[in-house]
1. Cβ-Cβ under 7 Å, sequence separation 6+ or interchain: first residue in the stretch A:304-332 and assigned by TED's automatic domain parsing to the domain that holds A:Gly293, partner near ligand 1 (Cβ under 9 Å from one of its atoms) and of a type in the set (D, E, K, R). Which pairs?
2. Please go through the stretch A:118-139 and pick out each residue that is surrounded by 14 or more Cβ atoms within 10 Å (Cβ to Cβ) and of a type in the set (Val, Ile, Thr).
3. Go through B:Val283, B:Val247, B:Val226, B:Val237 for me and flag whichever is open to solvent by less than 20 Å² (accessible area, probe 1.4 Å) and under 29 Å from the mean Cα position of the chain (by Cα).
4. May I ask you to verify whether A:Ala201 is under 18 Å from A:Thr228 (Cα atoms) and either part of a loop (DSSP other than H, G, I, E, B) or among the hydroxyl-bearing types (Ser, Thr, Tyr) (or both)?
5. Does the stretch A:315-336 hold any residues that are outside any strand (DSSP E or B), more than 9 Å from ligand 1 (Cβ to nearest atom) and buried (at least 17 other Cβ atoms within 10 Å of the Cβ), and which are they?
6. Do you know which residues across the stretch A:24-45 are within 14 Å of chain B (Cβ to nearest Cβ) and either of a type in the set (Lys, Arg) or without any contact (Cβ under 8 Å) to a residue 40 or more places away in the chain (or both)?
7. Scan the stretch C:198-212 residue by residue and report those that are more than 9 Å from chain B (Cβ to nearest Cβ) and in a strand (DSSP E or B).
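The values are calculated or read from the model by the stated rules, or taken from the named source; none is laboratory data. Everything quoted here is computed from the prediction, not taken from an experiment. As a convention, Cβ positions derive from the backbone with ideal geometry for all residues, glycine included, and neighbour counts pool all protein chains shown. Just the protein is used for accessible areas: all its heavy atoms, side chains included, with ligands, DNA and RNA removed. Shrake-Rupley method; radii C 1.70, N 1.55, O 1.52, S 1.80 Å.
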Amino acid sequence: MSTQPHTTTPQDRSDDEEPLLSVDDLRTRIRTERETIHAVDGVSFTVNRGETVCLVGESGSGKSVTCESLTGIVPQPPAEIIGGTVEFKGRNLLEASESTLRSIRGTEIAHVFQNPQSALDPVYTVGDQLVEAITIHEEISESDARERASELLRQVGIPNAPTRIDDYPHEFSGGMQQRVAIAIALAADPALLIADEPTTAVDVTVQARLIELLRELTDGGMSVLLITHDLRVAAALADRVLVMFGGTIVERGPIEALYSQPAHPYTRSLFDSYDGLSRRGDRSARGDIPTDGCRFRDECPHAIDACAGGDQPPFYTVDDRKTHGASCLYYGPEHDPAPILHDDAAVNTLIEEPTDD
Amino acid sequence: MSEPDDPNRFERVDWDEIDRSGRLHTPTRTAFIVAMVLFAALYALESSNVISLGWRLELLDWVILLGVAVLLSLVVVPAVRQRDLTLRVLGRLVSRPIHAAAVGFLAVLSFVAVVGPIIVGSPELAFQHRFHAPYGFTSEAGWHADCLGTMTAGEGVTRYCEGSLTYPLGTDHRGHPLGHLLIEGARIALYVLVFTAAFVVPLAAIVGILAGFRGGRIDDLLMGYVDIQLCIPAIVVFFIGYMYWNVSLLLLLVMFGLFSWGGIARLVRSETLQRREDGYVLVARSLGASPLYIAKRHIVPNITNTLIPAVFHLLALLVLVEAGVAFLGFHHIELYSWGSTIQEGLDPPLTGIGFVMDPHEIWWVSTFPAIALTLTLASLKLVGDGLRDALDPRRTH
Amino acid sequence: MTDHSTDRSRSPAVQPDHDTQSDAAGDRAAVPDDSHPLLEVENLETHFPITRGLLRREVGRVRAVDGVSFEIRDGEAFGLVGESGSGKTTTALSALRLEEPTGGEIRFDGDSIMSLSGADLRAFRRRAQLVVQDPNEAFNPRLTIGQAVAEPLALHGMDDADRRQAIVTDLLERVGLSADDVDRYPHEFSGGEKQRIAIARALVLNPDLIVADEPTSALDGRVQSDVLALLDELRREFDIAVLFISHDIDVVRRFCDRIGVMYLGEIVEQGPTDEVLEAPAHPYTRTLLGSVPSLDPSDRELVRPLTDTIPDPSDPPSGCRFHTRCPELIPPEDVDLDRELWQTIAAFRFTLQADELPAAIEPDAGTTAVDEATVRETFGLPSDIPDERVDRGVDDAVDAIVRGDLEVARDRLAEAIPTVCERSTPSDGTDCERPVRCHRYDPSVDAEPLSWP
Ligand code: SF4
Ligand code: SF4
């Protein structure tokens, strides 16, 4: 197993084109009465046109705050974006005025959340809400807007759109509500859809349909930034994956590379949690995540002294694939990642699971 | 970690030994029974004239005594049993100065209302001392047959009688010292508070919890009744009662009390409906807990966020209603409510003495009870909010 | 805490003379009787009336659980898997008599729990415990967790507060918290910690059965597997049976010995976890498993049922309840079409029936009338079907749609392609080594099980 001495951060993107969104060293902290949490602590990534990028992490890893920071919808206070740049189509969103941001949110970047109820107003029909979403950004007549509204409902796969357009949100099932929420997000034909755990609240058979819907959208050229805790959902949708832990990205790479050889010890423990029961010795698992060095070191079975202090470890390439990087010292020039990669075999057996197709 | 044969490990508990039928004697029940026995004995003695307490207890007093017994067993006994919690809650309650002041005011009010009448007795008529100004102020000399303070020099309307320390807060047209009237008013306010807290609030809570917990027909029935009741203005019922029976504070309490709990019952019901679905209620049911236990331990403590402010609001409202009705004159003539005193201070001609005077010339008669009333209402509101926060462990100060 | 001696940890304090008591539930230290399972559920029915009006006239019934049977042996983990609305939670709550069953029989340790009362009921309440789904509402926010975990002890008559305290601190340490935590309030703990405390509370009465309703579904990733591992370890140490409710295949795979798959109030298939998940027999189980995305990103195929509409549990489909969505629907005996074509036609029929009309043929999807070609294209129907009767039925239905008369189209299809799945209710078939409620496993029905995958 050879590793490239690290020279540059592995490139996320093909160089022939400007990325749609590029985030550099984003930092957001959240102040509560008792403490300040570094929810996002130096996150960088890009999203290209027509690409699905997936942020994977457990609750509290900072993945939602990252995405809410992009368009400034994270509640400030308590949150505060303290650094970095978010470049979308050449504009830095962090320096944009509130009114610019507002017009970008809806028209160019749309959000979909885990809980569709939060996006739908129970006292208006879905038609009213769609028409509202359409007319906010576009000067068109009421009847044209309604026409477009039922078009959108059809696009997201709601049967009998022309009749259902006058129904209230509660008359839809959870899966259908999520489709309506997606339809509203699509109202202004955004270039980027940020979907925060869009399938977590629904059943698997419904999730399967939503996954198909999201695939159709990316086939149509839309970029999707998907947030999920579920490695399976990421596997079904992502082109590239970013694994987050403790406010930092710890591993990044194309989906096939990362799934066939998860490199960072944290990523590997995530994969482990899909198989077998936990082997974590420390049951209480309380205690704060470090805010410097490798954030994972308190739970990492391979941690060494050098893992503490300073910035997070740089991204070293994994297995000579320049797009696959892990922020772990073992992949650096002075170490050999073999102990990590041979730690257990569970990861690879999972992929041939017979029950999954 | 304990030894394997330690009886204090869950798997070493011998449940056959422990299991026995539920206990019937809870301290609350015991306290209530003891209080009831005492109460009955007192009533028997009093009505058979075996002993004399020195003053007659009216029906109203008996009702209030009963209310005190209810409050003792419902509030004081559990509070004492859970001393630590009570002290913690109290500590948190008084941790903000404004809440501490409100609690202090209500404590003083209650103390004065209980002890005051015993010390000062009931006010006597003393027309010769009417309209004395408070200490440090003056009143027109011609009003008094007998000015207790020094007279200022001057002639006719320019002669003033200075207030004296005999009546530090002045007197009204009957020569009643304002201090006495305030104490009497406090007693009436306390009666209203006790009656409401002991009878109206439990009634509302029981109906609300029953409707929310049992649901179905019971819910329909109870809430249907509450809806009807909410449509009937209590004041109309009070006036009907006023036409047929002797006017009394008891009538007012019963009428307004019985017609004012609907809102709280509804509130309690809707909160109960939500709590009923919570996991811990389900777990308690799976453990075989009785509905009464669940209501007491799991539902009531968790609806205090809305219940406590609503209850204190109701308390304040009824104190205000009593004052208002008295202000309008529909009160027992011998009960010196703050409301009636304010009214007398604001309308000198009505007092029928024949002096020509403006209300502002005897400002103290209306102002002092108005201040007392305002402070009481404000304190109730503040204590309600403070208690809600103090009871909630999730709120840190 | 590893007391794996010969002395099993169940109530060793029970002295022999206690066994003379007639209290059936009390003498579990008596001769281990393996002749009956710990929990037997037989034909359980829990229906909820739908009432209307002031008099609460019953106008219908939600058949939340409709004829469910399973059993759990001592120390076994049995999983009920299904989607929302399948009735799995109602089944679990009925098994604890927290919902009143409207039919069937539930026996715990051989005794019907329907008629328990007094001391027997109390003993049952001690021996069967509940862990609820959402850790955030599993605890009364006004009680410290020490009080919460001690509550079962107090409720069951342990008056000695010091002893309660000692038991609780010991137990909290065993689930990975510290003794100092007893005086803290639930909101001071994370979701995973709360669920550990919930497990401690379920354990404190030393139960024989824990009913766990989605105990980890509010947790993700490693916290979820930690809690699962804890529950697994404790149930093995204390030999506790678990009725485990979950919608998450990964979780049941790790935790359960046997599982039952529920759909619309019925268990459609049950058996050892490995067998059911490796070689699912019932078409619904297959649909369910096939809807779970693979961890292999190169395998992105997802199984599609015929229709997406889950029928209303107050009016479940006749015959096999899955027939409106079943990709393996049995064709009429005399019809011999290839599988794919048959699926297409069946999907056509039930899509119309469920009113899931695709955009292209919606009644007022624009001004242009739908033409036959559009309808055929939308449903992927070929212009010629190699079975005369079916072909005619489909032709007529397509014509009816073009005319805008959906009702006729539906009737015509129902008539042209009848299926045994709609006509008769399957029983637990015998063609499989485990109960599978599907006609394909019934030797008397002329249809073979299809292969998987
Ligand atoms: S940098 Fe160190 S602590 Fe972090 S994952 Fe690698 S080995 Fe573990
Ligand atoms: S009986 Fe028919 S409809 Fe039901 S599962 Fe079996 S094949 Fe499918």
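1. Once the first residue is assigned by TED's automatic domain parsing to the domain that holds A:Gly293 and sits in the stretch A:304-332, its partners that are near ligand 1 (Cβ under 9 Å from one of its atoms) and of a type in the set (D, E, K, R) give A:Cys307/A:Arg297; A:Ala308/A:Arg297; A:Gln312/A:Arg295.
2. If the condition is that a residue be surrounded by 14 or more Cβ atoms within 10 Å (Cβ to Cβ) and of a type in the set (Val, Ile, Thr), then A:Thr125, A:Val126, A:Val131, A:Ile134, A:Thr135 are the ones that fit.
3. Answer to the check: B:Val226.
4. On the way: under 18 Å from A:Thr228 (Cα atoms): yes; either part of a loop (DSSP other than H, G, I, E, B) or among the hydroxyl-bearing types (Ser, Thr, Tyr) (or both): yes.
Answer is yes for this residue.
5. Selection gives A:Phe315, A:Asp319.
6. Taking the stretch A:24-45 as the starting set, the residues that turn out to be within 14 Å of chain B (Cβ to nearest Cβ) are A:32-35.
Selection gives A:Glu33, A:Arg34, A:Glu35.
7. C:Leu209, C:Ile210, C:Ala212
A quick yes/no check of all residues on (1) more than 16 Å from ligand 2 (Cβ to nearest atom); (2) over 20 Å from C:Arg325 (Cα atoms); (3) of a type outside the set (A, V, I, L, M):
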site: C:Asp387; (1), (2), (3): yes, yes, yes
site: C:Ala397; (1), (2), (3): yes, no, no
site: C:Pro426; (1), (2), (3): no, no, yes
site: C:Pro435; (1), (2), (3): no, yes, yes
